[in-house]
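**Student:** Quick one: the structure is below, and I'll ask about it shortly.
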Amino acid sequence: MRHLIDPMDFTVEEIDQLLEVGDDIIKNPQKYSQVCKGKKLATLFYEPSTRTRLSFESAMMELGGDVIGFSSADSSSASKGESVADTIRVIGCFADIAAMRHPKEGAPMVAAMNSPIPVINAGDGGHQHPTQTLTDLMTIHQLKGRVDHMTVGLCGDLKFGRTVHSLITALSRYEGIRFVLISPDELKIPDYIKEEILDKKQIPYTEVQSLDEAMPELDILYMTRVQRERFASEEEYLRLKDCYILTPEKLEHAKADMCILHPLPRVNEISVAVDKDPRAAYFKQVFFGKIIRMALIMKLLKVTPAPFDHEPENHGTECRDTGDVINHLHCDNPRCITTIEQELPHSFRMADEKSKTYRCIYCENPVQEK
Ligand code: NCD
């Protein structure tokens, strides 16, 4: 059974196919209006959300399906101490597919490992958010006509911003992509993204602090919110929260066809005056998010008329490693799902043989074997 936990769970060819189906949904919505009749989507949201949950729900409704679920951990049995594995086994008796958001990194993966139905990661802690990435790719594809050969600036909280981690991972498989990573020192991109994705694949990137200096070369500017809920100290958050504010004046130095994206919600990082700029694409992005989630639900449920009855031919694009794991190391990431699920085995995969570095399979935290 297929799940979507990490952006690398699908090949580039499969993502291209989703983008094509997305295109067709926009052109012929009526063709898809009953394809999920009799099917149910469960939205299991242990963390706040407006867009993602409602986008999934309206996507399923526009396919003629039904929706069940909960929108906070307090209203689920998690508050009684139920494990993610037990919850998904129960939900599998009620629904045909589930979308899960969880504050702990790796929780949707644990669900997928125990699930009788396809599971979609709708955001796990500060780790990954693959359906926001599909949304971003769809937006770029629709507005730019391509997803390759571009200079992509990512600005703000690159440390905790899960959308950034997933987008870099996904875009690194397209040709001619260059990243400009714009953040204060404290909010730089995590090492696992640099080592496992950017360095390993020799993707050109620079790390800078000045948005103004980066602006003229960008084809895409991806703004992000400083992720207040992931900070250990409120004081540190307050110090960094307004580190970047995009204004019309700053945009004077940008390319005329640059696209401004933001996963939303916006706090202060884009002034409302920018909304009038034709380059502002963040509300269009929300629309494309619903469309691509429709394509994704059809793919995972294998329903027609989407052309998913044949898997596209893969041209050797790389996917996530699901090889052997070892269990004698301990994950010390306080945001990992293993911190709240005591019986979950701590599991690792080799990341670098020379330095004997392993990474937690759930949250990708590195640990060295002594
Ligand atoms: C993002 C998220 O939840 O990571 N929101 C979303 O899903 N569109 C971004 C954010 O919360 O800053």
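**Student:** Which of (1) without any contact (Cβ under 8 Å) to a residue 40 or more places away in the chain; (2) not in a helix (DSSP H, G or I) is the odd one out, the single condition ARG239 does not satisfy?
**Tutor:** (2) is the only condition that ARG239 fails.
**Student:** Could you figure out which of (1) farther than 28 Å from VAL110 by Cα; (2) not aromatic (Phe, Trp, Tyr); (3) not in a loop (DSSP other than H, G, I, E, B) isn't true of LEU44?
**Tutor:** (1)
**Student:** Next question. At least 2 residues that are touching a residue at least 40 places away in the same chain (Cβ under 8 Å) in each: list the strands (runs of 3 or more DSSP E) lying fully within segment 316-370 that qualify.
**Tutor:** 348-352, 357-360
**Student:** Among what's in segment 213-235 and is part of a helix (DSSP H, G or I) and surrounded by 14 or more Cβ atoms within 10 Å (Cβ to Cβ), pick the residue that is farthest from the ligand (Cβ to nearest atom).
**Tutor:** Filtering segment 213-235 for residues that are part of a helix (DSSP H, G or I) and surrounded by 14 or more Cβ atoms within 10 Å (Cβ to Cβ), the one farthest from the ligand (Cβ to nearest atom) comes out as GLU217.
**Student:** Return the residues of segment 1-34 that are open to solvent by 50 Å² or more (accessible area, probe 1.4 Å) and aliphatic (A, V, I, L, M); say none if nothing qualifies.
**Tutor:** MET1, ILE26
**Student:** Name the pairs: first residue in segment 149-168 and within 11 Å of the ligand (Cβ to nearest atom), second residue aromatic (Phe, Trp, Tyr), Cβ to Cβ under 6 Å, at least 6 apart or on different chains?
**Tutor:** GLY156/TYR244
**Student:** While we're here: (1) more than 19 Å from TYR282 (Cα to Cα); (2) part of a helix (DSSP H, G or I); (3) within 12 Å of the ligand (Cβ to nearest atom): which one isn't true of LEU134, the others all being true?
**Tutor:** Just one mismatch for LEU134, condition (1).
The values are calculated or read from the model by the stated rules, or taken from the named source; none is laboratory data. Keep in mind it's a predicted model, so treat the numbers as computed, not measured. Because the Cβ atoms are built from the backbone with ideal geometry, glycine has one as well, and the counts that use them run over all protein chains shown. We work out accessible area using only protein heavy atoms, side chains counted, and drop any ligands, DNA or RNA first. Shrake-Rupley method; radii C 1.70, N 1.55, O 1.52, S 1.80 Å.
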